[in-house]
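Down below is the structure, laid out as structure tokens.
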């Protein structure tokens, strides 16, 4: 209050007649006021600077945000483009794959076509004959018509290649219709031989029998014979070696142990030879084993197979000139044929036995009942009774007694140990052949010998 009172007062007279009081500020107060003004201006500049910085920060943040938005947008577009690129690549790969599959299918069809075209006459010949068997089993034709068709195919084998190959890929009914229209020229000369055996190369091979069967069959077919083979369908068979393998739709029944049992029948061609495989249904374990031989029930197994083979031949209406049996395993076919089957349309068939090993197959007489034979009739010294063990029957001896001809395969042309008395009685049946077919000379000799044996059988 005093400071204010001591200050001089200046009266300001305005033009309007009003007056106002003006205080004169002292220097110290002016200085303080100036400092206050400076501070106020400084604060304003600072605030302005802060505002400017804030605005700059906001601008930068906005720009940064815009950049990130652009980056994200670009990244999104890149991902879309990448997906489109991957989809295009996948589509291209699929097109390549489809193209490769198409080319592979074309090559496969061409290969299949070439296989059909390149089939030799023997393969075509046997495919037709085996399909006739299937027709009989399935009931499409009777035995008489089947025999006529077989005769037709046999007589015209030379021109069998003109038979429509595509028909072979169809069912039995279509083939039957074509066979009924089939007429050509050219005839097959030679006998019809069926091997009933336990081995055949390359399907199943244990000993020399396998290569002997295949080699002899091929050689005989070159001589004009019609040769086929019946085998058990072992689980160990190399089925890839069979051309045109197919199963007959209907089961074939055979007698064993007092009952009829179903068998599945398979047909195919091996090395130009017609092959039939017999697979028991109820006794399926008989041939689904690791080995071919060497089991306690071997007689049961091969007696079943031998009887089933004859039942199949009779049921299918086959009328072979020769049934060729081998070793003791199928020697039981001899007595079975003459005691049971000869009057079932097989009156013109004869039996040839080949012995490559000298195992006899000794079993108790009552075992013969399993396959339908009468033990009382056969357990005799002049028939199946073993020469040294009278309480047993000798299956190999039965084969010798009941065969029309016997071929002994031996390098020394020796007799069969234990069967000398039997062979002496049946000496007029005997042929001796070299053991093995390892070279062309042995094959020719073996083939010539069997041709002689077959011819002599036919003339009986």
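General remarks:
- Averaging 1/r over every pair of different alpha carbons in segment 189-458 and inverting the result gives a Kirkwood radius of 18.5 Å.
- Label-point gap, in nm, between residue 65 and residue 97 - each point 7 angstrom along Cα→Cβ: 4.8
- In nm, spacing of pseudo-spin labels at residue 288 and residue 74 (7 Å Cα→C-beta vector): 7.1
- Difference of contour (0.36 nm per residue) and Cα-Cα distance, residue 173 to residue 236: 19.4 nm
- Rounded to the nearest 5, the antiparallel percentage of DSSP beta bridges internal to segment 189-458 is 45%.
- Segment residue 459-residue 347, length gained on full extension (0.36 nm per residue, minus Cα span): 38.9 nm
- Using C-alpha pairs under 8 Å with a sequence gap of at least 6, the mean separation divided by the residue count of segment 189-458 gives a relative contact order of 17 percent.
- Cα shape, segment 313-460, gyration tensor, a/c 1.5 rule: oblate
- At R0 = 60 Å, FRET efficiency that the Cβ-Cβ distance of residue 260 and residue 82 yields, to 0.05: 0.25
- When you work out D = kT/(6 pi eta Rh) for segment 236-323 at 4 °C and 1.567 mPa s, using the Kirkwood radius from C-alpha pairs as Rh and the Stokes-Einstein form, the result is 92 µm²/s.
- Whether segment 326-400 is rounded, prolate or oblate, judged on the alpha carbon gyration tensor where a/c under 1.5 counts as rounded: oblate
No lab work stands behind these numbers, since they all come straight from the coordinates. If you're wondering where the values come from, they're calculated on a predicted model, not measured in any experiment. Cβ coordinates were reconstructed from backbone atoms using ideal geometry, including for glycine residues, and neighbour counts include every protein chain displayed.
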